[in-house]
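The values are calculated or read from the model by the stated rules, or taken from the named source; none is laboratory data. Because the structure is predicted, anything quoted here is derived from the model rather than measured. Counting neighbours? That spans all protein chains shown, and the Cβs are built from the backbone with ideal geometry, glycine included. Heavy atoms of the whole protein, side chains included, go into the accessibility calculation; ligands, DNA and RNA do not. Shrake-Rupley method; radii C 1.70, N 1.55, O 1.52, S 1.80 Å.
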Amino acid sequence: MEPRHTISVWVDNIPGVLSRVTGLFSGRGFNIESLCVAETMDPEVSRITLVTTGDEQIIEQVIKQLRKLINVIKVVDLTTVEHVEREMALVKVKAEDRSRAEVLRIADIFRCRVVDVSPNSYTLEITGNHEKIKAVLDLLKVHGIHEVVRTGTLAIQRSKKD
Amino acid sequence: MKLTGAKILLECLKREGVKHIFGYPGGVVLDIYDELTRCPEIRHILVRHEQAAAHAADGYARASAKVGVALVTSGPGATNTVTGIASAYMDSIPIVVLTGQVPTALIGNDAFQEVDIVGITRPCTKHNYLVKDVRQLAQTIHEAFHIARSGRPGPVLVDLPKDVIQASTVPKFPESIKIRSYNPTYHCNPRQVKRALDLILAAKKPVLYTGGGIILSNAAEDLFQFATSLQIPVTSTLMGLGGFPGDHPLWMGMLGMHGTYCANMAVSQADVLIAVGARFDDRVTGKLSEFAPHAKTVHIDIDPSSISKNVVVDIPIVGDCRDALKQFNDLLAQMTLEDIAAIRSQWLATIRDWQEKHPLTYTWSDTTIKPQYVVEKLWELTQGEAYITTEVGQNQMWAAQFYKFKRPRQLMTSGGLGVMGYGFPAAMGVQVAKPDATVIDIAGDGSIQMNIQEMITVVENDLPVKVAILNNSFLGMVRQWQQLFYERRYSATPLKAPDFVKLAEAYGAVGLRATKPEEVEPVIKEALHTPKPVIMDFRVEPEECVLPMVPAGKPMHEMLLA
Ligand SMILES: Cc1ncc(C[n+]2csc(CCOP(=O)(O)OP(=O)(O)O)c2C)c(N)n1
């Protein structure tokens with residue numbers, strides 16, 4: 001598989017900018033695995049975190065093409081620096097008599113929160129990196145998952161320690 | 001004082017130096033057209049199809065080095081410009097397209113003649129805008145012109161809802177401009193430039209491969225000085241023709257699919273390739289992995305995304321071509337060079353051998369007109385001074401091969417998108433920019449039928465454009481591929497055309513025809529002496545092929561030769 005890159009893109013917070021970014025990916029045949037967008041502390045700027053895959057030459061093109069968009073202010077490939085990544089998932093798991101305790105145990109081990117309870121299901125909130133979420137979902141699958149919703153990856157550069 | 005949006009718009013255009021607009025009216029732009037009656041400084045040329053407005057603005061921009069402007073109505077008016085915008089985008093031509101839009105309150109309601117033109121043109125404009133508030137109009141128009149003409153130029157579209165045009169405000173016309181996220185790099189990194197020059201000075205078989213960037217950055221003189229002082233042979237892309245004089249001994253002709261034997265061989269054997277304002281397009285490189293296989297490459301381009309897109313280069317230089325060439329020339333001026341003529345003699349001798357072995361040529365016929373002969377005669381009888389536009393297909397390639405362009409901005413052709421129907425409206429735009437010049441559209445009988453309606457526009461506006469149709473009764477270039485790669489099955493390529501002489505006359509222009517070689521010269525002479533638009537219908541050899549030809553996907557030294 002081609003390497004994953006997590007890229008932060010600062011853009012003007014005005015209508016249509018997101019479609020310029022996603023249109024660029026579809027038009028040029030680049031992949032988007034996930035994407036998150038929200039306003040930054042500066043209300044005129046939004047920050048997009050996107051995960052893409054590709055060899056070195058493709059990633060170089062992705063970054064250059066993003067920078068070429070007039071509404072793009074800054075692009076950083078976080079993969080090239082020390083950074084922290086998080087995703088979140090909400091999972092509605094089947095939890096009937098026999099499995100109720102087991103599901104809660106899994107939730108506990110992985111520090112998931114129970115955000116909704118019904119007689120035959122729990123809804124869990126899982127936060128973590130891509131791998132952790134996958135691990136939890138794999139464990140819960142055996143009990144039966146009704147529904148999953150997931151965010152894309154969020155990422156931030158680590159502060160210098162010295 | 002409060003002004004309406006329409007008035008502010010025209011005031012902005014005047015401030016940007018706009019003298020001509022190519023356009024077509026409609027419901028939502030009525031207010032702009034009304035305001036035009038009170039604006040004698042701007043001349044509006046009414047086209048007969050909005051596609052032609054965009055191409056005319058493109059031709060105007062190329063010939064004049066200014067920003068071309070088109071103005072159209074919403075919906076179908078706007079969608080009709082898309083081909084013209086896409087062509088300008090591929091060729092990096094600065095135009096501003098103003099489209100009317102339904103009132104803001106109706107946007108998104110599938111209103112009459114509503115279309116999301118900003119959405120449609122997002123991938124084929126450098127940037128585009130929807131103006132939602134009249135208070136932003138002046139700033140937006142200023143930004144649009146700035147973005148169109150700066151950096152790597154390109155088309156910018158501004159969508160103008162009817163209510164914004166009708167609303168009033170006290171305008172603030174911006175004097176300067178600052179877009180935080182847009183700062184093109186003009187000045188090339190001197191260290192990279194020095195590294196590149198060292199590489200070039202050590203080269204035994206250097207080649208300059210130049211593109212449209214030379215024309216766009218007005219770098220022809222700097223290129224000439226650089227190439228001649230180091231005696232480096234020059235080839236260029238279609239877009240770069242005219243960037244180096246076509247009659248100079250260092251000129252090798254165009255490279256690529258229909259490039260000269262010499263240019264393609266030189267690139268295939270070069271040890272250093274200096275790409276200036278060119279982008280390693282597939283029509284130029286052929287099989288990518290075998291392009292310039294022995295060369296270290298220097299790539300100068302103002303658009304960082306052009307660099308290392310198709311080929312990984314050894315020394316990338318981001319910036320204006322002209323700046324880089326100037327820096328080269330300044331560095332050279334401080335050096336004492338060894339005897340360049342002696343150093344270069346062997347390589348230039350090889351180049352000359354290639355030129356003599358396989359020059360551009362064709363078989364003469366006493367009975368049928370060869371299309372190449374027509375182009376040669378056009379060149380001769382205009383002393384190589386005419387502005388030439390082309391359609392697309394064989395006509396375009398023969399124009400590129402046999403008209404020896406002297407100066408930049410002399411050739412306008414839809415290079416990147418390859419739009420049949422470009423040449424004639426573009427010629428109209430060129431003639432508006434250069435009223436006293438000879439402007440000739442070298443056309444095919446297929447392509448000319450794509451925008452023939454503009455005949456009446458040139459007649460009405462006294463634009464004495466000349467159209468030279470190389471009439472082969474085929475969609476010639478497609479037929480050529482069918483001949484070479486599909487065993488001569490001519491599927492949908494033979495085509496009928498109207499009687500072009502009568503057609504010209506019906507439009508109020510002049511029609512001339514040549515069916516024999518000896519009629520070519522008198523027809524051209526008569527056309528050039530006629531102070532009106534003229535169509536020349538040259539009945540040429542129907543099954544002539546453009547050669548040399550590198551079949552698609554083959555390495556460049558594997559050419560089919562004449
Ligand atoms: C708008 C458009 N449609 C289709 C094509 C594909 N095409 C490329 S060359 C060509 C034939 C052009 O024929 P003609 O204008 O007669 O010129 P010739 O090649 O005979 O000189 C065609 C159909 C194109 N380039 N542009």
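Assorted remarks:
- Strands (runs of 3 or more DSSP E) contained in the range A:1-83 and holding at least 1 residues at pLDDT 95 or above and within 11 Å of chain B (Cβ to nearest Cβ): A:4-12, A:45-53, A:72-77
- Scanning the range B:432-454 for residues that are more than 16 Å from the ligand (Cβ to nearest atom) and either within 23 Å of residue B:514 (Cβ to Cβ) or charged (D, E, K, R) (or both) yields a count of 4.
- Selection within the range B:283-325: residues that are away from chain A (no Cβ under 13 Å), of a type in the set (Ser, Thr, Tyr) and out of contact with any strand residue (DSSP E or B) (no Cβ under 9 Å at 6 or more places or on another chain). The member of this set that is most open to solvent (accessible area, probe 1.4 Å) is B:289.
- Of all residues in the range B:169-190, those satisfying the criterion of being within 14 Å of chain A (Cβ to nearest Cβ) and either open to solvent by less than 100 Å² (accessible area, probe 1.4 Å) or farther than 27 Å from residue B:2 by Cβ (or both) are B:177, B:179, B:180, B:181, B:182, B:183, B:184, B:185.
- Residues being under 21 Å from residue B:17 (Cβ atoms), in contact (Cβ under 8 Å) with a residue 60 or more places away in the chain and touching a Pro at 6+ places or on another chain (Cβ under 9 Å) - total across the range B:86-128: 7
- Just one residue in the set B:521, B:505 is open to solvent by 70 Å² or more (accessible area, probe 1.4 Å), assigned to a helix (DSSP H, G or I) and away from the ligand (no atom under 16 Å from the Cβ); that residue is B:505.
- Residues of the range A:84-105 satisfying the condition of being open to solvent by less than 40 Å² (accessible area, probe 1.4 Å) and either over 22 Å from the mean Cα position of the chain (by Cα) or within 14 Å of chain B (Cβ to nearest Cβ) (or both): A:95, A:99, A:103
- Of all residues making up the range B:340-389, the number that are acidic (Asp, Glu) and more than 23 Å from the chain's Cα centre (by Cα): 3
- In the range B:63-112, the residues that are open to solvent by less than 10 Å² (accessible area, probe 1.4 Å), aliphatic (A, V, I, L, M) and in contact with a Ser or Thr (Cβ under 7 Å, 6 or more places away or on another chain): B:70, B:72, B:78, B:85, B:97, B:102
- The range B:59-132 holds strands (runs of 3 or more DSSP E) entirely within its bounds, and those carrying 1 or more residues that are within 12 Å of another protein chain (Cβ to nearest Cβ) map to B:127-130.
- Filter result for the condition that a residue is of a type outside the set (Val, Ile, Thr), more than 18 Å from residue B:63 (Cα to Cα) and within 16 Å of the ligand (Cβ to nearest atom), over B:383, B:401: B:401
- Residue match in the range B:341-358 (condition: surrounded by fewer than 22 Cβ atoms within 10 Å (Cβ to Cβ) and within 16 Å of the ligand (Cβ to nearest atom)): no
- Residue list for the range B:1-58, filter: among the basic types (Lys, Arg) and either part of a helix (DSSP H, G or I) or touching a residue at least 24 places away in the same chain (Cβ under 8 Å) (or both): B:2, B:7, B:14, B:15, B:19, B:43, B:48
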